[in-house]
Structure formats: C-alpha cells, structure tokens
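The values are calculated or read from the model by the stated rules, or taken from the named source; none is laboratory data. Only a predicted model underlies this, so the values are computations on that prediction, with no experimental measurement involved. A quick note on method: Cβ atoms are made from the backbone with ideal geometry, for glycine too, and the neighbour counts reach across all protein chains shown.
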Amino acid sequence: MRGPLLFKDIDTAGLTSIATYRQLGGYETLVATLGKTSPDECIEIVKASGLRGRGGAGFPAGMKWGFVPKDSPKPRYLVCNADESEPGTFKDRELMEKNPHLLIEGCALAAYAINAHVGYIYLRGEFEYIQRILDRALAEARAAGFLGRGIAGSGFDVEIHTHLGAGAYICGEETALLSSLEGYRGQPRLKPPFPAVEGLYACPTVVNNVETLMNVPSILRHGAAWYRQWGTEKSPGTKIFSVSGPVRRPGNYELPLGTPLSELIEKHCGGMRDGLKVKAVIPGGSSVPLLPASLLDTGLDFESMTAAGTMLGSGGVIVIDDQTCIVDALHNITRFYEHESCGKCTPCREGTYWMVEVFERLEAGRGRAADIDLLNDVSDNILGKSFCALGDAAAMPVMGAIKHFRDEFEYHVTHRRCMVNRRREVLAGVAP
C-alpha cells in the first residue's frame, strides 16, 4: 500500500480489469448512490468534504459543481482534464494506467451530480497508450451496465468518451482545453462566462482533474467527515506528490495534506543521493516559485505554501541540489514557457521571448548588471496581465528565483559563469 485512498490498491495485479476492480468494491458507490442519493445531496457531500481541485488551482470541487445553473435548458457536460502537461507532474498517468475504472466511476458520479449525460476524458497527445487502456475499461463498464442507458439499474443515462489532444501545454488551461475539444486551436477564452455557465459547445460544463474525480467515489461512499480525517481544516484529504530530482527514491507519494516538505524528501524519498544537499525545491510543478532549503519544513497544503510565497499547484515536487545552477535551471524552465505560449496575448508572447533572450545573455557570459532587474521587470509586466495563467506560470518561477538566489544571478554577471554546476561548465571561455 502506497497511500490510504487512491494508491491503496494501485499495485494490485489485474486492477485495469473490471473483474478485479469490482472484487475490491469497485462500482458499489455508483450503485448505492444513483436513485438513492439526490444530485443536490451529492454536491453538498462533496462541498462538506472540502475536496479541492488537484490540478493546480485548488478550487473547491463541490462549489464548482454548484455553479452549474439548474434552470438552463441546455445540455450539461462533464470534462475530465487528463492533459497533465505540467513539468514535474506524473501522478495522473499512473492513476489512469493502473486504475482506470476508478476514474470512470468518479466521472459517472460527478456527471450524475450535475445532471450531465455526456462526459469526455481529455488526454494530451503523448497519452495515446493511456487512451487505449481507458477505452478498454470504458467498453467493460458499458458491457456491465455502468455506462449507457439506465446505468446501474437506475433511470440515469450517461456516456463517457476519450479525446486525444495534440500535445500542447496550454490545453491544460480549462477553456483552452474546451476549445481543443471542440476542434478549434487550443487557446484560452475570456472569463466570464465561466465554463460552469457556458463551456463546451456554449453549454454548462464542469472541468475537473483526474485526481479530483478519483476522490469522489470514496467521499460519496464514506462521507465528508471520514474524508476530513486526513489533511488540514482548509486543505482536507490526501494529495499525490510527484517527486523528481536527485533523491534516492523519486516517484509518486500519496500523503495527507499538511505533511512537511522535509518529511516527504527525507522519510519517504530516502533523502538526497550521492552526498548532495537540497538547495531549493519547486513544490507544485515548474509554474510555481521555488522554496529555498531554509523553508523545507513548510507544510504541503494550499495555505502553508501560499504563506511561504509559493503554491501547492499540481504537486510536482522538483528537488534542486546544491550542485545545480539556479540560473541554468530557470533558463530551461523559461524556454519551455516561451515555446508553449499560444501567442494570443502580448504580455506572454513577447515577455517570455525577452526573458529567454536575457537568460541566454547571462548564460553566455555576456550578462549586464541591469539584466537581473530587467528580468524582474519583464516578469512583473507579465504577472496578472496575461490572458490566462500561462503567463503567470512563466513569471512566478523567475521572480521567486531572483528573490531567493539573487547572488547566483549577480555571480553570472560579475564572473561570467555559473556559481556552481556539477558539470563545471565554463561560460565565455573563462576558467573557474
């Protein structure tokens, strides 16, 4: 067992089959809920549980469901965001690879709660192999009467389909995802209206992350109080953290929210390897500000991370060791966001380009004293001013790095090379 909820049975042999899933109690919640618990009651239970979105934003799931207008004559849709394109994050792929039926049951229950009869699981382009796993599981669920007309012996109809995107980071943003799902270029839409009111095909739509939806069956089965036995008051439940970097045991770990970051690294991941020390940690995927080693005792929950000047995000924990140059690491991250910018808005399109230009100047040993403040200024002109959160995702890591590791940036300017780098790369031909 690697966790109390989603990872409890994750390594059970044959779990991708409906037979094994049902032996472990799978679909029992669906049968027990449909026709016996009203959709409104389902929403209230999820609200009371405090389940927050596990895709990055951390918005309360039950509250999002409650935003769907009940008097709209339009059809409603449920969309599962299985894009998972945040660098450093690989939890959803393991969940879908090993336990696809739990996602299907979660989708069916969420669809019932918002009275949606059609759902889509949107996967990023690189997840074609996961689409095959899900399609087999969907066929099994359909044959067993858990999808289609009158599912689980009730009068409720629901169908779920998979949809493969082309592999674009921007499609992790919910409105860009919906545009892609409709067959258009994956670019974000202006909000409001929000998807709950006008989403897929201009109809009321709820978009939830894979991990979020997979928590729904256990919450509806055991109740809100049971779910709240883990985590903190404002961040209840467990969270899966994807740990990468030079730790002894990288991988996915399901832990109660509020667990100290230091405990995750030292106890669960076995600490650092090869005598390396922690210099910094990016706690929520590459789009959030990093934390210096002095803040490793910060709790892994939404409020504690915000108080520390960063975000929990997707839970992609990227550990940076003391032999890695922060400037080099941020250059790599910024190149990614420049490449993935959809180009719709000027602050993100132009700002990420110019940040890369400055980073390349610093890395080539041609940095100027004004470049550090220039990076900060460009980031500040992107943050909160771009059309969607991709601009913020590019700006926040840079601003956080300069805040905590300005001395490394200054070293690049004055010495024309990295302060430290395990490869001992020399910039501009200047010897260490």
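Numbers for the structure displayed
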{"read-out": "Top-ranked residue of the range 33-55 - restricted to ones that are out of contact with any helix residue (DSSP H, G or I) (no Cβ under 6 Å at 6 or more places or on another chain), touching a residue at least 24 places away in the same chain (Cβ under 8 Å) and not charged (D, E, K, R), ranked as nearest to Lys234 (Cα to Cα)", "value": "Gly50"}
{"read-out": "Condition met for Arg136 (modelled with pLDDT of 95 or more, surrounded by fewer than 17 Cβ atoms within 10 Å (Cβ to Cβ) and in contact with a Ser or Thr (Cβ under 9 Å, 6 or more places away or on another chain))", "value": "yes"}
{"read-out": "Any chance Gly270 is out of contact with any Gly (no Cβ under 8 Å at 6 or more places or on another chain) and outside any strand (DSSP E or B)", "value": "yes"}
{"read-out": "Matching entry among Thr20, Thr16, Thr12 (being touching a helix residue (DSSP H, G or I) at 6+ places or on another chain (Cβ under 7 Å), surrounded by fewer than 17 Cβ atoms within 10 Å (Cβ to Cβ) and of a type in the set (Ser, Thr, Tyr))", "value": "Thr12"}
{"read-out": "Residue in the range 27-77 that is surrounded by the most Cβ atoms within 10 Å (Cβ to Cβ), counting only those that are over 21 Å from Glu254 (Cβ atoms), among the hydroxyl-bearing types (Ser, Thr, Tyr) and under 27 Å from the mean Cα position of the chain (by Cα)", "value": "Tyr77"}
{"read-out": "Flag for Val288 being under 24 Å from Gly351 (Cα atoms) and touching a strand residue (DSSP E or B) at 6+ places or on another chain (Cβ under 8 Å)", "value": "yes"}
{"read-out": "Helices (runs of 4 or more DSSP H) enclosed by the range 17-130 - at least 2 residues per element that are within 21 Å of Ala168 (Cβ to Cβ)", "value": "91-98"}
{"read-out": "Condition met for Leu109 (at pLDDT 95 or above, in contact with a Leu (Cβ under 7 Å, 6 or more places away or on another chain) and not assigned by TED's automatic domain parsing to the domain that holds Ser244)", "value": "yes"}
{"read-out": "Among the residues listed as Val278, Val243, Val247, the single one being of a type in the set (A, V, I, L, M), touching a Phe, Trp or Tyr at 6+ places or on another chain (Cβ under 7 Å) and not assigned by TED's automatic domain parsing to the domain that holds Glu340", "value": "Val243"}
{"read-out": "Only listed residue being over 21 Å from the mean Cα position of the chain (by Cα) and more than 18 Å from Gly88 (Cα to Cα), chosen from Ser304, Ser294", "value": "Ser294"}
{"read-out": "In the range 114-129, the residues that are buried (at least 23 other Cβ atoms within 10 Å of the Cβ) and farther than 28 Å from Val197 by Cβ", "value": "Phe127"}
{"read-out": "Filtered residues of the range 344-372 (kept if over 25 Å from the mean Cα position of the chain (by Cα) and touching a residue at least 40 places away in the same chain (Cβ under 8 Å))", "value": "Leu362, Glu363, Ala364, Gly365, Arg366, Gly367, Arg368, Ala369, Asp371, Ile372"}
{"read-out": "Within the range 303-409, helices (runs of 4 or more DSSP H) holding 1 or more residues that are of a type in the set (Phe, Trp, Tyr) and crowded, with 17+ Cβ neighbours inside 10 Å", "value": "326-340, 346-363"}
{"read-out": "Residue check for Ser287: more than 26 Å from Ala116 (Cβ to Cβ) and small (Gly, Ala, Ser)", "value": "yes"}
{"read-out": "Single residue of the range 257-266 satisfying the filter (within 27 Å of Ser49 (Cβ to Cβ) and not hydrophobic (A, V, I, L, M, F, W, C)) that is surrounded by the most Cβ atoms within 10 Å (Cβ to Cβ)", "value": "Thr259"}
{"read-out": "Test: residue in the range 178-190 that is farther than 14 Å from Asn81 by Cα and either hydroxyl-bearing (Ser, Thr, Tyr) or surrounded by 22 or more Cβ atoms within 10 Å (Cβ to Cβ) (or both)", "value": "yes"}
{"read-out": "Identity of the residue in the range 149-181, assigned to a helix (DSSP H, G or I) and β-branched (Val, Ile, Thr), that ends up farthest from Ser38 (Cα to Cα)", "value": "Ile170"}
